[in-house]
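The values are calculated or read from the model by the stated rules, or taken from the named source; none is laboratory data. These figures come from a predicted structure and were not determined experimentally. Heads up, the Cβs are rebuilt from the backbone with ideal geometry, glycines too, and the neighbour counts pull from every protein chain shown. All accessible areas refer to the heavy atoms of the entire protein, side chains included, with ligands and DNA or RNA removed. Shrake-Rupley method; radii C 1.70, N 1.55, O 1.52, S 1.80 Å.
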Amino acid sequence: MATSLAWFSIWPIARTAMLLVFRRKLFWLLFAVAMLSFIFTFGAIYLLATLKQELPQMARFITSMLKDLDGSGTTYLNFMKLQGTVMMILLAFAGSVLAGNDHSRGGFMFYMSRRISLVYYALGKLLAIGLLVLLITTIPALVLFFEYGLLGDMAEYFRENFQIVFGIIGYGLLLSLSIGLLLLALVSWMPRPVPLVILWGGLFVFLPILSSVLAETLRDSEVNLEESSWRLLDLWNNLYIVGSKFFGVELPLFYGAIIVIFTVCLFSITAIFFRLRYLQHQS
Amino acid sequence: MTLEPSVSVSASPIVEVKNVSKWFGPLMALNGISLDINPGITGLVGPNGAGKTTLLRLLTGQSKPSIGGIRICENNAWSAKAKSHVGFCPYGDAAWDEMPGRKAVRVSAGLHGFKGDEARHRTETVLDIVGMADRAHRPIRTYSKGMRQRIKLGQALIHDPDLLVLDEPLNGIDPVGRDELNELFIRLAQDGKAVLISSHILNEMDQLADHIIFVCRGKLLASGSLETIRDLLDDYPLKVRVSCETPRRVASLLMELDSVKSVRIETSDDLFLEVQNPNRFYGEFAEFVLSKNVDIRGLKATDTSAEPIFDYLMERSSKPG
């Protein structure tokens with residue numbers, strides 16, 4: 001017999017959205033690109049671990065050159081940031097499949113005629129986006145963390161760095177939630193793929209460039225470039241700044257970044273709510 | 001249907017619509033509609049923009065009426081409980097072209113809270129009912145329009161609803177597929193379900209529906225059995241094509257019938273008649289054929305599309321008295 005809780009409908013909504021994305025060749029192409037950097041990092045960690053045993057001095061030399069592979073929180077933070085670049089491209093193209101087509105081709109009506117409300121629908125879509133983000137950023141980072149520990153001094157590494165796991169998960173959830181809300185809000189208002197890609201590109205390519213240019217040209221000579229408030233225009237950088245805190249690193253503009261991310265999330269929730277309400281009552 | 005019913009059917013109507021109006025800003029999409037829907041096939045007929053889709057949305061709990069109330073099996077239409085009694089088959093495809101039909105039906109099972117073996121069992125049962133069990137492994141993009149319609153029907157039937165709401169289900173379907181779907185609708189109605197079919201083509205409903213609801217410009221123009229509707233259309237001027245071998249002779253004889261207003265010889269085989277009272281005309285015409293011993297090859301009403309009939313009903317309803 002059917003369960004009486006509509007909460008259980010969230011998973012079928014998310015699974016359907018993900019299945020539709022998984023059936024696109026473009027997804028697998030971008031996923032392969034994302035996996036390239038993962039495989040490269042995985043191989044590099046393995047190589048370093050081997051060198052540590054065979055040629056310790058060489059390993060120390062290489063580690064001093066490649067600070068991003070020292071097994072600290074920064075290793076995973078930067079890896080996730082790199083993965084995030086591919087993830088952004090993927091989401092730009094997958095956004096329409098994940099939710100946009102529902103609005104342009106009747107899927108939304110299909111869902112709304114079932115025993116589910118707008119909230120469950122939005123949560124299902126958010127879960128789908130979030131899982132894609134986790135799949136590309138968080139899960140590979142966790143694999144690398146365990147690889148690093150297992151290939152080195154396992155007990156000591158895990159004991160000293162267990163908080164990194166929480167950092168990876170925390171940063172992953174931050175990315176999932178904020179990017180998920182933003183994408184769902186944009187897709188709700190702009191379901192067609194081309195305008196969505198343009199807008200997404202504007203947010204994550206044009207704004208960072210603009211913020212760099214403004215920070216460079218308008219900065220006070222006494223203020224460090226990284227501390228310029230114009231940097232807050234770069235949403236991706238804000239996520240990095242807040243994400244760093246999960247790994248115990250506090251970067252400049254931390255509170256500003258939190259305010260920006262919180263505002264974006266709040267704005268996205270409002271936009272999603274009003275748009276879905278409008279679509280529900282539209283004739 | 002062999003599925004365990006999710007609800008029990010009560011004695012009162014499955015759908016009760018009471019004085020429902022719906023506004024979208026300044027636009028009044030529905031104006032004071034009241035009707036009941038019982039088990040059997042009900043045709044919701046109206047021209048494009050009549051308010052059919054709005055009424056379907058209200059019935060399926062997708063939106064709330066501005067005024068009035070809708071009860072489905074004694075529950076408010078927008079409550080989750082009411083939705084568990086309703087299966088909706090929307091007009092458009094849900095953009096799941098890449099997904100196999102079986103999976104699409106399975107998703108619907110999940111959305112109704114069925115899991116594991118129960119979901120699998122229900123999926124296979126409804127695929128069997130809609131005749132898609134052997135083709136459900138293929139992606140939806142490879143399906144014909146009729147097959148897509150069957151999958152949507154399967155999705156709507158997954159929870160064994162009491163009310164099945166179908167938005168233009170026969171639109172774009174070829175005649176063979178149309179007959180097959182009609183048989184399916186009749187079977188479902190015989191199983192005790194209320195099947196509400198919207199259409200803008202009156203002819204589609206003629207042989208299918210037990211009950212017709214006419215809506216136009218947001219108003220309920222007429223509601224009742226086909227006979228009731230036919231009675232309303234007594235004075236409706238109908239155009240009829242008669243195919244025969246001797247049109248000149250037949251034309252002169254037909255002019256003697258009271259119900260025939262005018263006769264026009266169009267081709268060497270066809271006559272076009274304008275008749276004033278369709279019901280009386282068909283009776284007179286049957287007697288005419290038998291008594292005059294004329295060779296009639298065909299008789300077809302040429303303007304039974306919904307629009308002129310709605311115009312007629314609208315005009316009739318706006319007349320005082």
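Which distance in Å, rounded to a whole number, links the C-alpha centroids of segment A:217-283 and segment A:192-214? Using only Cα atoms, the two centres lie 14 Å from each other. What net charge do the residues around B:Asn293 carry, taking every other residue with its C-beta under 13 Å from that of B:Asn293, with Lys and Arg at +1 and Asp and Glu at -1? Taking every Cβ under 13 Å from that of B:Asn293, the sum is -1.
Restricting the calculation to Cα atoms, the protein assembly as shown yields a radius of gyration followed by a Dmax of 32.4, 116 Å.
Per q in 0.17 1/Å, what log10 I(q)/I(0) does a Debye calculation on the alpha-carbon atoms of segment A:220-276 return? Values, matching the q order: -0.59. Using all C-alpha to C-alpha distances in chain B, build P(r) with 20 Å bins and read off the rounded percent in each one. Each 20 Å bin holds this share of Cα pairs: 29, 49, 21, 1. Beta-bridge orientation, the protein assembly as shown: approximately 65 percent antiparallel, per DSSP, counting only bridges with both partners inside. In chain B, the portion of solvent-accessible area held by carbon and sulfur atoms comes to 49 percent [1.4 Å probe, whole percent, DNA, RNA and ligands not counted]. Charging the Cβ of each Asp and Glu at -1 and of each Lys and Arg at +1, and nothing else, the dipole of segment B:120-174 about its Cα centre rounds to 360 debye. The Cα-based radius of gyration of segment A:1-119, divided by its Kirkwood radius, gives an Rg/Rh of 1.21.
Think of each Lys and Arg Cβ as +1 and each Asp and Glu Cβ as -1; about the Cα centre, that makes the dipole of the protein assembly as shown roughly 440 debye. Among B:Val260, B:Gly40, B:Ser144, whose Cα sits farthest toward the positive end of the charge dipole of chain B (+1 at Cβ of Lys/Arg, -1 at Cβ of Asp/Glu, about the Cα centre)? Working it through, the farthest residue towards the positive pole turns out to be B:Ser144.
Within straight-line reach of A:Lys245, meaning a Cα separation under 16 Å, sit the following lysines at least 8 residues removed in sequence or on another chain: A:Lys81. Local charge for B:Lys193 was computed over the other residues whose Cβ lies under 12 Å away, with Lys and Arg +1 and Asp and Glu -1, and equals -2.
In straight-distance terms, cross-link reach from B:Lys83 covers every one of the lysines whose alpha-carbon lies under 22 Å from its own, apart from those fewer than eight places away in the same chain; here that gives A:Lys125, B:Lys18, B:Lys22, B:Lys52, B:Lys64, B:Lys103, B:Lys115, B:Lys152, B:Lys193. Backbone geometry of segment B:136-141 corresponds, through the Karplus equation with coefficients 6.51, -1.76 and 1.60 at θ = phi - 60°, to 3J(HN,Hα) couplings of 6, 7, 7, x, 4, 4 Hz, x marking Gly and Pro. Sequence-ordered 3J(HN,Hα) estimates for segment A:152-168 from the Karplus curve with 6.51, -1.76 and 1.60 and θ = phi - 60° stand at x, 7, 3, 4, 5, 4, 5, 5, 7, 10, 4, 5, 4, 4, 5, x, 4 Hz, glycine and proline given as x. Rounded to the nearest angstrom and listed largest first, the equivalent-ellipsoid semi-axes of segment A:2-282 from its Cα gyration tensor are 36, 24, 17. Solvent exposure of chain A amounts to 49 Å² per residue of accessible area, where only protein heavy atoms count and the probe is 1.4 Å. Across segment A:247-257, coupling constants 3J(HN,Hα) worked out from phi with the 6.51/-1.76/1.60 Karplus curve, θ = phi - 60°, read 9, x, 10, 9, 9, x, 6, 4, 5, x, 5 Hz, and Gly and Pro carry x.
Taking 25 Å as the straight-line reach from the Cα of B:Lys261, the lysines in range (excluding those fewer than 8 positions away in the same chain) are B:Lys239, B:Lys292, B:Lys300, B:Lys319. Relative contact order of chain B, taken over Cα pairs closer than 8 Å and 6 or more residues apart, is 20 percent. With unit charges on the beta carbons (Lys and Arg positive, Asp and Glu negative) and the dipole taken about the Cα centre of segment A:2-282, which residue among A:Ser211, A:Leu186, A:Gln57 sits farthest to the positive side? Of the listed residues, the answer is A:Leu186. A quarter of the convex hull surface defined by the alpha-carbon atoms of segment A:167-218 gives 4.9 nm² as the mean projection. By definition, a body whose alpha carbon gyration tensor gives a ≥ b ≥ c is oblate when a/c is 1.5 or more and a/b is not larger than b/c, and segment A:106-230 fits this oblate description. Amide H to amide H, with H built 1.01 Å from N, B:Ile212 comes under 5 Å of B:Gly43, B:Gly224, B:Ser225, B:Leu226, counting only residues 5 or more places away or on other chains.
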